[in-house]
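What follows is a set of notes on a single structure, which appears directly below.
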Amino acid sequence: MLLRFPEASFHELRRSFRPAVFLRDLKALVPSVERADLWPGGSGVRAQAVRPDGVPVDDFLLVEGPRSLHVLNAPSPAATSGLAIAEELLRRIPPNPP
């Protein structure tokens with residue numbers, strides 16, 4: 001990812017270490033947020049599935065096995081679309097598994 005998207009990677013690193021940059025970007029989403037609203041904490045890990053050719057998978061990636069169903073990619077909107085994803089997973093699971 002770093003080699004394929006160096007500018008975005010650099011920006012993410014800079015934002016991680018520069019609170020002012022993080023605050024500026026956050027204000028684009030939440031204009032009322034102030035520096036006093038933020039406090040140091042650990043960073044999360046955002047898993048990102050990447051195809052063999054290096055292109056990121058942009059959507060949910062569901063892979064079915066004979067007796068399994070895997071969610072391999074859940075981009076940021078996962079929380080807001082969690083119920084829709086659950087419905088899709090339930091649709092793919094047989095009512096009476098063998």
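Put a plus charge on the Cβ of each Lys and Arg, a minus charge on the Cβ of each Asp and Glu, and nothing anywhere else: the dipole of the chain about its Cα centre is then about 260 debye. If you fit an axis through the alpha-carbon atoms of helix 82-92 and take the longest principal axis of the Cα set of the chain, what angle between them do you get, 0 to 90°, nearest 10? With rounding to tens, the tilt is 20 degrees. Global dimensions of region 1-54 from alpha-carbon coordinates: Rg and Dmax equal 13.8, 43 Å. In the chain, the longest principal axis of the Cα atoms and the axis of helix 6-17 are about 70 degrees apart. In this entry, region 48-98 is assigned a mean projected area of 4.1 nm², taken as a quarter of its C-alpha convex hull surface.
With a Förster radius of 41 Å, plug the Cβ-Cβ distance of SER9 and ASN96 into 1/(1 + (r/R0)^6) and report the FRET value to the nearest 0.05. In this case the efficiency is close to 0.30. Structural descriptor for the chain: relative contact order 15 percent, calculated from alpha carbon pairs under 8 angstrom and at least 6 residues apart. When every Cα-Cα distance of the chain is counted in 5 angstrom steps from zero, the calculated P(r) takes the values 2, 9, 14, 16, 16, 14, 11, 8, 5, 3, 1, 0 percent. Stretching the chain fully between MET1 and VAL55 yields a gain of 18.6 nm (0.36 nm per residue, less the alpha carbon separation). Rounded to the nearest 500, the 222 nm mean residue ellipticity of the chain from helices alone is -10500 deg cm²/dmol, with -39,500 (n - 2.57) taken per DSSP H run of at least 4 residues.
Each value in this text was obtained by applying a stated rule to the coordinates, not by laboratory testing. For clarity, every value in this text was computed on a predicted model and none was experimentally measured. A quick note on method: Cβ atoms are made from the backbone with ideal geometry, for glycine too, and the neighbour counts reach across all protein chains shown.
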